[in-house]
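Participant: The structure that follows is given in the form of structure tokens.
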């Protein structure tokens, strides 16, 4: 059972990849979305909302389980980056440009943690692991929506 927690927490193994595991986790989230390309916008939004909800619960659960062995919010735990990436692009028109810009914006907010994002990670256990990336995803989503509004 311990290996299941690790597999989930590591974003299906992407957290074990060398150099920038958070970036690999976010890229893994994009790969999971590849089949979404063939769906209608409303279906993409519903699927993303479901993924965000389910993976957030799984992230809290698995991060709590691995914390005793790996410590609080280790680099190998990247399920939070997956969820944060999905938050950054939910309610955004599905295009490769929007996905790439959403990815870049999310990674910026996740890495530099401006505007109080760092406070979210101070929550206990898996909640803190997930919270800062959820907030970073919201900020990235707001900026991406503003860019789309200005450029269209």
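The values are calculated or read from the model by the stated rules, or taken from the named source; none is laboratory data. Since the model is a prediction, treat every value here as computed from it, not as a measurement. So basically every Cβ, Gly included, is an ideal-geometry build from the backbone, and we count neighbours across all protein chains shown.
Participant: Exactly one of these conditions fails for residue 40: (1) without any contact (Cβ under 8 Å) to a residue 12 or more places away in the chain; (2) under 30 Å from residue 72 (Cα atoms). Give me its number.
Facilitator: For residue 40, the exception is condition (2).
Participant: Given (1) at pLDDT 95 or above; (2) within 15 Å of the chain's Cα centre (by Cα), where does residue 46 come up short, assuming only one miss?
Facilitator: (2)
Participant: Between 96, 86, which is closer than 22 Å to residue 33 by Cβ and free of Cβ contacts under 8 Å to residues at least 24 places away in the same chain?
Facilitator: None of the others qualify; the one that does is 96.
Participant: Among (1) touching a residue at least 60 places away in the same chain (Cβ under 8 Å); (2) within 17 Å of residue 121 (Cβ to Cβ); (3) surrounded by fewer than 19 Cβ atoms within 10 Å (Cβ to Cβ), which single condition is residue 72 missing?
Facilitator: Looking at each condition in turn, residue 72 falls short on (1).
Participant: Only one residue in 59, 25 is closer than 30 Å to residue 149 by Cβ and either surrounded by 14 or more Cβ atoms within 10 Å (Cβ to Cβ) or in contact with a strand residue (DSSP E or B) (Cβ under 6 Å, 6 or more places away or on another chain) (or both), so which one is that? Steps first, please.
Facilitator: Details: 59 fails: closer than 30 Å to residue 149 by Cβ.
Within the list 59, 25, the selection yields 25.
Participant: Let me ask another. Where in segment 1-97 are there helices (runs of 4 or more DSSP H), lying wholly inside it, with at least 1 residues that are in contact with a helix residue (DSSP H, G or I) (Cβ under 6 Å, 6 or more places away or on another chain) and within 30 Å of residue 152 (Cα to Cα)?
Facilitator: Passing ranges, in order: 21-33, 41-70, 79-89.
Participant: Which ones in segment 55-69 are under 17 Å from residue 32 (Cβ atoms) and either over 14 Å from the mean Cα position of the chain (by Cα) or in contact (Cβ under 8 Å) with a residue 24 or more places away in the chain (or both)?
Facilitator: 55, 56, 58, 59, 62 - these are the residues of segment 55-69 that are under 17 Å from residue 32 (Cβ atoms) and either over 14 Å from the mean Cα position of the chain (by Cα) or in contact (Cβ under 8 Å) with a residue 24 or more places away in the chain (or both).
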